[in-house]
Amino acid sequence: MITGHFKTDYSADEGIWSNWPKRWGLVAALIGLAIFPFMASNYALLLAGQIGIFIVAVTGLNVLIGYTGLMSLGHGAFFAVGAYTTVAIHHEWPLTFPLITLVISTVVAAAFGVLFGLPSLRVKGLYLAVATLSANFIILFLIEQDWLAEWTGGVRGTETPNAVFFGIELVSQQAKYFFIMPVMVLMLLFAQNLFRTRFGRALIAIRDKDYSAEILGIALFSYKLKSFAISAAYCGAAGSLWAYFFPAILPEDFGLNMSITLVVCLVAGGMGRTLGPIFGTILILLVPEMLKVVAAAITGGDATSQTWVSPTRDILFGLMIIGFLIFEPMGLVNIWDRFWRFMSRWPFAK
Amino acid sequence: MLSVTQASLAFGGIKALDDVSFTAASGEITAIIGPNGAGKTSLFNIISGFYKPQQGRILFDEQDITHLRADKRAELGIARTFQNIALFRGMSVLENIKLGGHTRLSTGFWSAGFFYGEARREEARLRAEIERDVIDFLELDHIRKAPVAALPYGLQKRVELGRALAMQPKVLLLDEPVAGMNREETEDMARFILDIQARWGTTILLVEHDMGMVMDISNQVVVLNFGRQIALGTPDQVQANPAVIEAYLGTSATTEATATEEPA
Amino acid sequence: MGQFIQYMINGVISGSVLALIALGIVAVFKATKVVNFAHGHLILFGAYFYFTFSVVLSEAAFMPDWIRSWDPAWLQAYAGDAAMFSPKAAIASWVSDLPRILLGLIGALAANAVLALIIERLVMRPLLGQSAFAMILSTVGLIWVLEGSAGLIWTAEAEQVPALGPNFPIRFELFDQNLFLFSGSLVNLVVALLLFASLMLVLRYTRSGVAIRATAEDQSTAYAMGINVPRVFSTAWLVASTTGAVAGAILASRNGLSPAIGLFGLSVLAVVLMGGLDSFAGVLIASMLVGILSSMAQWKLGGGVAEIVPYVAVLVVILIRPHGFMGQEEIERI
């Protein structure tokens, strides 16, 4: 039984990889990530890439909803901004180095985040949810306009470029995977670090009790806007990766559907925790795929053309949202925690 | 150190504060007393910046802070606790206290995200400082990792005091620090308050209903009633003031004490 | 000028439908403090139910002929040889449709009421006392459940349903301008405003109205005063679902039956916030304003812009008046 982890100085106590299960867990996860593409099918890699991109975006949303306590139902818009910025950059300068494009897309999305975060200075909760929802509709509407169509392709969407690193074009799923995953890991670590310092603590304080945070010298206005900027930046980065990952994009890819999916991934995983977005995204994106497998088994053969599959997937998706809220509002991370608590005491206590 | 001049605050037609003026001298304890609804917490709220007084000024270190935002005042060195404890309930004691150090740290966004160099050193330094000046000082070492929500009321009040102390404030506003405490806890808290004053020379403002404690530890007492300041002076002067006796005991007591002082 | 008045009238008519939809959102919010993001989809179900009862069921083999098309002798005599598109012909055709319209309305009201009660019991009640965030999200989850279920039950193609009232063009003059509108729209306007007004009267003057208002003020005190709070919740959902069914029937007969009705309902949420969540009067004003603005946008800028008018308007209003035109601001005590 593990009774405690003993440390001899304060900086050790502040560490995040404080014990061997955590350290080896991280190493194992990284090794797993690295060797996965050599064993997986193209289909699995497609899913993995999609999940990786979503994890980046959901982590950004976690900064806003999970840590700062500000609601958003419109983050699909920032995803769109990131994706379309990437497309536009390559339209103007086709040979831009992908990382530079990634950074610019991120910054542009962050700027939009600040703009549409402005209502958060005056309203909270539901009002903010509807304000961000409105922002989503408005941004997509702008993208669809004819005067932007040269860069965005308008309503009909546009083809997207492949990333080219030093003359090597990333075409295969495998190659794209190795572009997405390092970005994802770095952005996850960044977020994790953010919340062990003054900056992250200030955001959490705003979530828990805003007037109390103010009295400690935390400028609510500036921190709320920064939180919006960070979360939008993460979604922008995800959007940029998305543009490199898929051959084409449509404005409606980034609508309410995506915004809600992001929130649902977060709720299912667990808000305000680093692991939450990872668990949640994997679950929410894999369940529809599993449904496909089940449907194929029932009908015997390819079931994707069946008319009942898509509505059933919608129902299942909605039921998962409601189910998590009623039965496990803290998300999968809570189940994970319970498991480890149980393990650390076993067999001496339940 | 901190002075309030002719401050008035009204909500619609109700005057919460009416022409209140006093000066809290540096390093002294000033108590603000008065019956319920006298405007004590409103006074704290205009000092800490939640409300802006319609009239009057608030000076801190000779600087006019009347129109400064709450967080800017905190940066200047005004800390406070709340009547209904306003801790971050989801966090541990240590995390709550660390938040008090917010204004004294300088880690920016980028170094925070990469957690290199200065950010790392700064966190370690803050931790050591908190351990010494707050956790040891307020005898919180046995609960530093406990979640705040699970602590008993008295300890929560002490953690909130600790969070304010971590700001290393020049002025400390304590809103009913011993409300709802038993004799022993009250004495502990009074001891902490006096220790803070002795150790750091902090100017302390105190709203409290426990008259025994107020009269024991404060250097100056401000008495409010229905938003008006009815007395100001040392504990002895205030205790002898007929207007104060009237406010606390009703009119009949006044008429018996001094028939001439009756208000129109 | 003539154009302007014409679009103004169109705006008021669509505003009244917005108000009817908004009514359901406000009623549920007032009683339960839940903002129902899925109200649009409740309306979608109302529309589908109306279609089921008035079209599918009335044409079923076991139904008597007069329900499908009522054709008594006096009606034949009245219609006579009325010209196509004349008021007389429109009225005659409406009267012969009347049985199935009534069947459709009654069926839709009843079915939607049952649906709302099920939702309230199974989804909303277990979440009582949870955060606003959880409440919002669970109704968002409902959107998908309802949309998926509708997709399973009914095919997603646009269908025609009978209008609530006789439909013929009315031409008239106002300020020396030639204007026109459809009598069907006029009927919709009257129905919507009547429902809105009668509900406000019910809230003001009846026992259950007072119970709803008391619960809105303070749930636990209402409980302590012996008000059956869960029943108040059910009542509010009933109000929302039945007015929603009427709104659904109106929308389906006006624009055709399609899943887009659900999304339209979502835009009404923006209208509700503009007016102030807990104020019927504010919401009525906001509905009219958005109706008129959309109609003007349609005139000057095209249909695409008209669709996002509610969203732009709500952003502007929230920035200036965070709680809408007439919403109550919550005061935080420190």
Next on the checklist: Among the residues of segment B:192-206, are any within 20 Å of B:Glu28 (Cα to Cα), away from chain A (no Cβ under 14 Å), part of a helix (DSSP H, G or I) and of a type in the set (Asp, Glu)?
Outcome noted: yes
Checklist entry - Which of the following residues is at pLDDT below 90, outside any loop (DSSP other than H, G, I, E, B) and more than 14 Å from chain C (Cβ to nearest Cβ): A:Val294, A:Val287? => result A:Val294
Next on the checklist: Need pairs with beta-carbon distance below 7 Å; first residue more than 8 Å from chain A (Cβ to nearest Cβ) and within segment C:111-133, second open to solvent by less than 20 Å² (accessible area, probe 1.4 Å) and not in a helix (DSSP H, G or I); sequence gap 6+ or separate chains.
Outcome noted: C:Met124/C:Val34
Next on the checklist: For segment C:29-61, give me each residue that is farther than 23 Å from A:Leu256 by Cα and aliphatic (A, V, I, L, M).
Outcome noted: C:Ala31, C:Val55, C:Val56, C:Leu57, C:Ala60, C:Ala61
Checklist outcome for this item: Selection over segment B:118-141 where residues are in contact (Cβ under 8 Å) with a residue 24 or more places away in the chain, facing another protein chain (nearest Cβ under 9 Å) and either surrounded by fewer than 22 Cβ atoms within 10 Å (Cβ to Cβ) or not in a helix (DSSP H, G or I) (or both) yields a count of 1
Next on the checklist: Suppose the filter is under 29 Å from C:Leu152 (Cα atoms) and of a type in the set (Ser, Thr, Tyr); does C:Tyr7 pass it?
Outcome noted: no
Next on the checklist: Can you tell me how many residues within segment A:218-270 are among the β-branched types (Val, Ile, Thr) and more than 27 Å from C:Ala38 (Cβ to Cβ)?
Outcome noted: 3
Checklist outcome for this item: Among residues of segment B:1-30 being without any contact (Cβ under 8 Å) to a residue 60 or more places away in the chain and either among the β-branched types (Val, Ile, Thr) or part of a loop (DSSP other than H, G, I, E, B) (or both), the residue least open to solvent (accessible area, probe 1.4 Å) is B:Val4
Checklist entry - Which of (1) open to solvent by 20 Å² or more (accessible area, probe 1.4 Å); (2) more than 14 Å from chain C (Cβ to nearest Cβ); (3) on the phi < 0 side of the Ramachandran plot is the odd one out, the single condition A:Phe254 does not satisfy? => result (1)
Checklist entry - Got at least one residue in segment A:96-104 being in a loop (DSSP other than H, G, I, E, B), surrounded by fewer than 18 Cβ atoms within 10 Å (Cβ to Cβ) and of a type in the set (Val, Ile, Thr)? => result yes
Checklist entry - Applying the selection to segment C:31-71, what residues are free of Cβ contacts under 8 Å to residues at least 12 places away in the same chain and either β-branched (Val, Ile, Thr) or open to solvent by less than 40 Å² (accessible area, probe 1.4 Å) (or both)? => result C:Val56, C:Ala60, C:Met63
Checklist entry - Can you name the residue in segment A:105-123 that is without any contact (Cβ under 8 Å) to a residue 60 or more places away in the chain and within 9 Å of chain C (Cβ to nearest Cβ) and, of all such residues, is most open to solvent (accessible area, probe 1.4 Å)? => result A:Arg122
Checklist outcome for this item: Restricting attention to segment B:91-117, the residues that are out of contact with any strand residue (DSSP E or B) (no Cβ under 6 Å at 6 or more places or on another chain), open to solvent by less than 70 Å² (accessible area, probe 1.4 Å) and under 19 Å from B:Asp141 (Cα atoms) number exactly 9
Checklist entry - In segment C:140-169, how many residues are outside any helix (DSSP H, G or I) and not aromatic (Phe, Trp, Tyr)? => result 14
Checklist outcome for this item: Checked segment B:88-105 for anything within 8 Å of chain A (Cβ to nearest Cβ) and not β-branched (Val, Ile, Thr); matches are B:Phe88, B:Arg89, B:Gly90, B:Met91, B:Glu95, B:Lys98, B:Leu99, B:Gly100, B:Gly101, B:His102, B:Leu105
Next on the checklist: Here is a list: A:Phe178, A:Phe228. Which entry is open to solvent by less than 20 Å² (accessible area, probe 1.4 Å) and in a helix (DSSP H, G or I)?
Outcome noted: A:Phe228
Checklist entry - Within the group A:Gly157, A:Gly167, which residue is more than 14 Å from chain B (Cβ to nearest Cβ), open to solvent by 10 Å² or more (accessible area, probe 1.4 Å), on the phi > 0 side of the Ramachandran plot and without any contact (Cβ under 8 Å) to a residue 60 or more places away in the chain? => result A:Gly167
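Would you say B:Ile85 is within 11 Å of another protein chain (Cβ to nearest Cβ) and open to solvent by less than 20 Å² (accessible area, probe 1.4 Å)?
No, not satisfied.
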Checklist entry - Does any residue of segment C:132-144 turn out to be at pLDDT below 80, open to solvent by 70 Å² or more (accessible area, probe 1.4 Å) and of a type outside the set (Lys, Arg)? => result no
Checklist entry - Does B:Thr186 fit the bill of being among the polar types (S, T, N, Q), assigned by TED's automatic domain parsing to the domain that holds B:Val244, touching a Gly at 6+ places or on another chain (Cβ under 7 Å) and touching a residue at least 24 places away in the same chain (Cβ under 8 Å)? => result no
Checklist entry - Residues of segment C:26-49 being in a helix (DSSP H, G or I) and within 22 Å of A:Asp314 (Cβ to Cβ), which ones? => result C:His39, C:Gly40, C:His41, C:Leu42, C:Ile43, C:Leu44, C:Phe45, C:Gly46, C:Ala47, C:Tyr48, C:Phe49
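The values are calculated or read from the model by the stated rules, or taken from the named source; none is laboratory data. Worth saying up front: this structure is predicted, and the values here are computed from it rather than measured. Every residue, glycine among them, receives a Cβ derived from its backbone with ideal geometry; neighbour counts consider all protein chains shown. Just so you know, the surface numbers come from the protein's heavy atoms only, side chains and all, with ligands and any DNA or RNA stripped out. Shrake-Rupley method; radii C 1.70, N 1.55, O 1.52, S 1.80 Å.
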